[in-house]
């Protein structure tokens, strides 16, 4: 089910109702190794390290290879629930979890969402005229 839908005059299948899922933390704290999958990343790093290219090029490719790390956000949320206050703050700062909308805005992570909501509001207004 989508998080939000726009209701129009011609088609009443849509609504402006927001449905935000409620997270319930697990009682079991996952191991850090469960939070990410680095298999593909590791293969790229091995290829980069063996490559006959400059160290500067290797450094660039190592940074680029990080995009192949897969994050398990459900496990990350469970880990967050059991983490120390300092670890929780760092996880929030890096947007691994978003707990407080004000913090998310302050850290710049909500800008796109606000823009999307403005578009949705404008679309709703234009269909009412």
query = Limited to the stretch 72-101, what total is found for residues that are assigned to a helix (DSSP H, G or I), over 19 Å from residue 36 (Cβ atoms) and at pLDDT 65 or above?
reply = 3
request  = Being surrounded by 11 or more Cβ atoms within 10 Å (Cβ to Cβ), part of a helix (DSSP H, G or I) and in contact (Cβ under 8 Å) with a residue 12 or more places away in the chain is the filter here, so list the residues in the stretch 24-55 that pass it.
outcome  = 34, 35, 40, 41, 44, 45, 48
ask   = Would a scan of the stretch 64-71 turn up a residue that is in contact with a helix residue (DSSP H, G or I) (Cβ under 7 Å, 6 or more places away or on another chain), modelled with pLDDT of 95 or more, surrounded by 13 or more Cβ atoms within 10 Å (Cβ to Cβ) and part of a loop (DSSP other than H, G, I, E, B)?
value = yes
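The values are calculated or read from the model by the stated rules, or taken from the named source; none is laboratory data. In this text the structure is predicted, and so the values were computed from the model without any measurement. Heads up, the Cβs are rebuilt from the backbone with ideal geometry, glycines too, and the neighbour counts pull from every protein chain shown.
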